[in-house]
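The values are calculated or read from the model by the stated rules, or taken from the named source; none is laboratory data. Quick caveat: nothing in here was measured; it's all calculated off a predicted structure. Note that each Cβ is placed from the backbone with ideal geometry, even for glycine, and that neighbours are counted across all protein chains shown.
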Amino acid sequence: MEEFPGKKGQVPEIRTVAMARDTNLNGDIFGGWVISQMDLAAGMTARRRANGRVATVAIEAMAFHAPVFIGDSVSCFTKILGMGRTSITIHVETWSERLLAGEAVKVTEGNFVMVALDDNHRPREVPPA
């Protein structure tokens, strides 16, 4: 994936396009849709670090800074903030590339706590780095 204009030197964990079906009553993209994209990005990062299945157990410090509009290219960037015995805390920043305006805007950010799971869906230790 190519470098993102608002995040020099970084590549997003996921990138998608906001569609009309994802709007709320105001005609902007529904916040729940944005959070689901963030959760997918956090899950991808956590799964790779945990070498297996993970699940979201908490979302902390969630903030919405700006709306997402239909047609925006939405990119989620992740960074591991901390590790527990079975958990991984991941910061997710979501940026919208306003294609018509030619600008990139940080629209949301939050911390997602993921837990590593075994084959029986029980918490398991995250392997050492």
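Some values worked out for this structure:
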quantity	calculated
Residue in region 35-54 that is among the hydroxyl-bearing types (Ser, Thr, Tyr), under 30 Å from residue 117 (Cβ atoms) and in contact (Cβ under 8 Å) with a residue 40 or more places away in the chain present	yes
Residues that are at pLDDT below 95 and either assigned to a helix (DSSP H, G or I) or among the charged types (D, E, K, R) (or both), drawn from region 41-66	60
Meets criteria (in a helix (DSSP H, G or I) and either surrounded by 15 or more Cβ atoms within 10 Å (Cβ to Cβ) or touching a Gly at 6+ places or on another chain (Cβ under 6 Å) (or both)) for residue 38	yes
Leading residue by the ranking (farthest from residue 29 (Cα to Cα)) among those in region 78-129 that are outside any strand (DSSP E or B) and of a type in the set (A, V, I, L, M, F, W, C)	129
Qualifying positions in region 22-43 - over 21 Å from residue 77 (Cβ atoms) and of a type in the set (Gly, Ala, Ser)	27
Filter pass, residue 22 being under 13 Å from the mean Cα position of the chain (by Cα) and either of a type in the set (Asp, Glu) or modelled with pLDDT under 95 (or both)	no
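For every residue, the table says whether it meets (1) crowded, with 21+ Cβ neighbours inside 10 Å; (2) closer than 30 Å to residue 124 by Cβ; (3) not small (Gly, Ala, Ser).
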residue: 12; (1), (2), (3): yes, yes, yes
residue: 17; (1), (2), (3): no, no, yes
residue: 24; (1), (2), (3): no, no, yes
residue: 33; (1), (2), (3): no, no, yes
residue: 53; (1), (2), (3): no, yes, yes
residue: 57; (1), (2), (3): no, yes, yes
residue: 77; (1), (2), (3): yes, yes, yes
